[in-house]
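Structure first, commentary second.
None of the figures in this text is laboratory data; all of them are computed from the coordinates on show. Values in this document were obtained by computation on a predicted structure and should not be read as measured data. Here the Cβ positions follow ideal geometry from the backbone for every residue, glycine too, while neighbour counts run over all protein chains shown.
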Amino acid sequence: MHSRRAIESDVRQRLAAVPDPEIPVLSIADLGLVRHVRVGDGGAIEVGLSPTYSGCPATSVIRANVEAALQQGGYREVNVVEVLAPPWSTDWISTAGRRKLHDYGIAPPTTGPVACPQCGSLATTKLSEFGSTPCKALYRCTDCLEPFDHFKCL
Amino acid sequence: MSAAHGRTSHCVYVLRLADSNLVLAQRLGELIGHAPALEEDLGLANTALDLLGQARLLLTHAGKLEGRGRSEDDLAFLREEGEFLNATLVEQPNGDFGDTLARQFLFDAWQVELYERLAASGDPQLAAIAAKALKESRYHLRFSANWVVRLGDGTAESHERVQASLERLWPHTVELFDADAIDREMLAAGIGADLTAVRAGWQRRVDDTLAEATLARPADRPWRWYGKRGQHGEHLGRLLSQMQALHRAHPGARW
């Protein structure tokens, strides 16, 4: 019989491998979505997840993927609960997550000037407040002329 | 009151908020693929998505408060027109781009002021939803206010048309701030927002943006709309007939 601590640690490792459906280079752990892992009597697992944007279609996919990942790991009783408060913030994206976003071609969230993820130039302009998913805005670099996504601050 | 259908004031209060979000999300959804430019199409669609997400949280909460085991889908798809408690502002047709953005601006400014207060509600679930939704609604307001300025301070034609949009929509803003028995009861219970304070904040935001847009604040008119009591104009029924068609034809349908 494993200790609760060992089980929780195993669950967290498995969660760290669940990708975000929209930005698959990021895991849900990189995004800072995992609020808690609780191991109940009899081995039932409860995972608390923060939703990102209220209407983000990825939320239900993430939930299903978390259940599937833990069931594949042998956990038979898995309960995913939504944790609304405090609201998810892009401040919770990890340092590793920010680097992965940048390497993937998406400028990570920043309140300062937005740097082009292709060439690093700060000579960028916002083309659209909204982009291809609720979390992104559309930018263009005026040096290398490439368009790119910026992960909005929330 | 007939629109309450035996529900508690608390449930009705949350349902009103849910319905305004749901109906506006549906209206904005009509524009997908039809906005004047790709950026605006994305902006309006993303705003619709956020409002729909907020509506789902609020409807689920209202369903629990109602205590009859009804889900978000039951409440969205199986109520009749007179049971919808949205403000009539949000059921107004999309009209031209000025009508759509003026409606959005008046709504966003109200929602930001309202959510700022509801984030401190004594109902912890409502407070959590408001705190989360506030961040999204601030972003919507930036988009819609920018467009009101661009249209108002744009060409002579865009100025004239968006001013006419404001005049048409203005009477529908009155009920947003006109506290009735339910609003007063919820304020006294520490659950609802003080609509006098919401109105003051809203007017500041509206006046600032209209001044920048070189637009005039419309004069208040004597008539009143009360969508929040289930009294709607001619437009809501058609919107619902489209929104509810699939669920009524195939009860319990799921994606």
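Amide H contacts under 5 Å for A:Leu127: A:Leu138, A:Tyr139, A:Arg140, restricted to partners 5 or more places along the chain or on a different chain, H placed in the peptide plane at 1.01 Å from N. For chain B, relative contact order (Cα pairs under 8 Å, six or more residues apart, normalised by length) works out to 25 percent. Helices in the protein assembly as shown, meaning DSSP H runs of at least 4 residues, each add -39500 (n - 2.57). Divided by all residues, the mean residue ellipticity at 222 nm is -16000 deg cm²/dmol.
Measuring from each cysteine beta-carbon in chain A, the ones with no other cysteine beta-carbon under 4.7 angstrom are A:Cys56, A:Cys135, A:Cys153. What FRET efficiency, computed as 1/(1 + (r/R0)^6) with R0 = 30 Å and r the Cβ-Cβ distance, is obtained for B:Arg68 and A:Glu82, rounded to the nearest 0.05? The formula returns an efficiency of 0.85 here. For A:Asn79, nonlocal amide neighbours, meaning residues 5 or more places apart or on other chains whose placed amide H falls under 5 Å from its own, are A:Ile45, A:Glu46, A:Val47. The loop-placed trypsin sites (Lys or Arg not before Pro) in region A:45-103, going by DSSP, that have at most 10 neighbouring Cβ atoms within 10 Å of their Cβ come out as A:Arg76. Where is the GNM fluctuation largest for chain A (alpha-carbon springs, 10 angstrom cutoff): A:Leu33, A:Leu127, A:Leu101? Result: A:Leu127 has the largest fluctuation of those listed.
Taking every residue in A:47-55, how many Cβ atoms of other protein chains lie within 10 Å of its Cβ, on average?
5
With a Förster radius of 25 Å applied to the beta-carbon distance between A:His36 and B:Glu30, the computed FRET efficiency rounds to 0.05. Placing dummy labels 7 Å off each Cα toward the beta-carbon, the span from A:Cys153 to A:Ala6 is 4.5 nm. Computed from backbone phi with θ = phi - 60° and the Karplus coefficients 6.51, -1.76 and 1.60, the 3J(HN,Hα) list for region A:41-54 is 4, x, x, 5, 10, 10, 10, x, 10, 7, x, 7, 7, 3 Hz; x is used for glycine and proline. For the pair A:Asp143 and B:Arg248, a Förster radius of 41 Å applied to the C-beta separation gives a FRET efficiency near 0.15, rounded to the nearest 0.05.
Distance from the Cα centre of region B:115-149 to that of region B:6-36, in angstrom? Each part reduced to its Cα centre gives a spacing of 15 Å. Using only Cα atoms, locate the centre of region B:44-90 and the centre of region A:106-154, then give the distance between them in Å, rounded to an integer. Cα centres, region B:44-90 to region A:106-154: 34 Å.
For A:Arg35, the residues 5 or more places off, or on other chains, whose built amide H falls under 5 Å of its own are A:Gly48, A:Leu49, A:Ser50. To test your reading of the geometry: what angle, between 0 and 90 degrees and rounded to tens, separates the Cα axis of helix B:38-66 from the longest principal axis of chain B? Rounded to the nearest ten degrees, it is 30. Taken along the Cα-to-beta-carbon direction at a fixed 7 Å, the label points for A:Ser94 and A:Ala68 span 2.2 nm. Within the same chain, lysines fewer than 8 places from B:Lys64 are excluded, and of the rest, those with a Cα less than 21 Å from its Cα are B:Lys132, B:Lys228. Hey, quick one: spin label on B:Asp208, modelled 7 Å out along Cα-Cβ, who in region B:74-111 has an amide N within reach, i.e. under 17 Å? B:105-111, by backbone N distance to the label point.
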